[in-house]
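Notes follow once the structure below has been shown.
The values are calculated or read from the model by the stated rules, or taken from the named source; none is laboratory data. The model shown is predicted, which means the values in this text are computed figures rather than measured ones. Cβ coordinates were reconstructed from backbone atoms using ideal geometry, including for glycine residues, and neighbour counts include every protein chain displayed. Keep in mind that these areas ignore ligands, DNA and RNA; they rest on the heavy atoms of the full protein, side chains included. Shrake-Rupley method; radii C 1.70, N 1.55, O 1.52, S 1.80 Å.
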Amino acid sequence: MERARLKNIIILILALLNAFLLGSMAVQRLQANNAQTRLAQELSRLFASDGILLNAEDVPTVSSPVTKTPIRSTDEDRLLAIFFLGNDLNTQDEGGGIYTCRSSRGEALFRSNGSFEVRLLSDQQDAISLIQRFCQDFHYQDIQWNLMQNSGTVSALQYVDGCPVTDASAVFRIENGRLLSVSGIHLPQASTLSDETPLNAVTALTIFLQERRSSGAVISSVSEVYPCYRLQTTTASPMTLSPAWCIITNTGKCYVDSSTGTVTLP
């Protein structure tokens, strides 16, 4: 009997402790949200003093991604080639970071910096549905259709970890409803991560405002702010994804590098 009472008391104490911890976490989260709201409102007033409209609600609370270095895999290159050319491929390492795949349907060429080209020889299925499936399977979004009478181009942007890579697009060329070629950038899924602490949106916007003052750029409003990646290519590292904040203004897109604070104006 005493043992049962002791067990019930322990359970009650643990339940109260869990309730206390949950309550404490909720208070901390509320305080953090309130602090973020106050910062966003102060930032909005700071922009307004410079004649720039920035709604506090448009200041993101999400974190910026960190720098990533994609790891090239010819297996991933081959998967993309199979999508367009089928399984019956002849593959070859051409040297110099170039990898090719060929079949009766056409050929594909891949480079170490993520660029690729696919040229199609035989008739394909409906180009529109093929492009839509490709974008879904290989993480491309923001599709732009530039077609007249079933001919023209279609472009799409690759996303990594839910963030757009502003310099990684694919362009599809269509003629009379038939897909002729695909070219652009495709980044592999595997990558290494840096251990840096990237800039948050408030800091990035503050740096952006300082740069606008220094440059004298004429900007009257900010309509959207979101995290993204920018693709950097160097001799040492053919593919590096640098995190940034994209700031959409009335004059165009601006970028603040989340690692270095470097600002790129329109």
**Asked** How many residues does the range 146-175 hold that are among the polar types (S, T, N, Q) and out of contact with any strand residue (DSSP E or B) (no Cβ under 6 Å at 6 or more places or on another chain)?
**Response** 2
**Complete:** Selection from the range 172-189 of residues out of contact with any helix residue (DSSP H, G or I) (no Cβ under 8 Å at 6 or more places or on another chain) and open to solvent by 40 Å² or more (accessible area, probe 1.4 Å) yields Arg173, Glu175, Asn176, Leu180
**Asked** If Glu175 passes every condition in (1) touching a Phe, Trp or Tyr at 6+ places or on another chain (Cβ under 8 Å); (2) free of Cβ contacts under 8 Å to residues at least 60 places away in the same chain; (3) more than 30 Å from Val59 (Cβ to Cβ) but one, which one does it miss?
**Response** (1)
**Message:** Please go through the range 144-184 and give me each residue that is aliphatic (A, V, I, L, M), under 16 Å from Phe84 (Cβ atoms) and out of contact with any His (no Cβ under 9 Å at 6 or more places or on another chain), ordered by number.
**Reply:** Val154, Ala156, Val171, Ile174, Leu179, Leu180, Val182
**Complete:** Scanning the range 223-259 for residues that are among the polar types (S, T, N, Q) and free of Cβ contacts under 8 Å to residues at least 12 places away in the same chain, the one surrounded by the fewest Cβ atoms within 10 Å (Cβ to Cβ) turns out to be Thr235
**Asked** From the residues in the range 107-132 that are without any contact (Cβ under 8 Å) to a residue 24 or more places away in the chain and part of a strand (DSSP E or B), which one is most open to solvent (accessible area, probe 1.4 Å)?
**Response** Glu107
**Prompt:** If we scan the range 134-141, do we find a residue that is within 29 Å of the chain's Cα centre (by Cα), part of a strand (DSSP E or B) and at pLDDT 95 or above?
**Reply:** yes
**Message:** One residue is enough: does the range 142-164 have a residue meeting the conditions among the charged types (D, E, K, R) and in contact (Cβ under 8 Å) with a residue 24 or more places away in the chain?
**Reply:** yes
**Fill in**
The condition of being within 29 Å of Ser259 (Cβ to Cβ) and either touching a Gly at 6+ places or on another chain (Cβ under 6 Å) or hydroxyl-bearing (Ser, Thr, Tyr) (or both) holds, among Ser151, Ser181, Ser223, Ser129, only for Ser223
**Request:** Answer yes if at least one residue in the range 86-106 is touching a residue at least 24 places away in the same chain (Cβ under 8 Å), part of a loop (DSSP other than H, G, I, E, B) and in contact with a helix residue (DSSP H, G or I) (Cβ under 7 Å, 6 or more places away or on another chain), and no otherwise.
**Result:** no
**Message:** Can you go through Thr206, Thr197 and tell me which one is modelled with pLDDT under 95, more than 30 Å from Arg119 (Cβ to Cβ) and open to solvent by less than 60 Å² (accessible area, probe 1.4 Å)?
**Reply:** Thr206
**Fill in**
Flagged in the range 59-85 as under 30 Å from Ser221 (Cα atoms) and either touching a Cys at 6+ places or on another chain (Cβ under 7 Å) or not in a loop (DSSP other than H, G, I, E, B) (or both), in numbering order, are Pro65
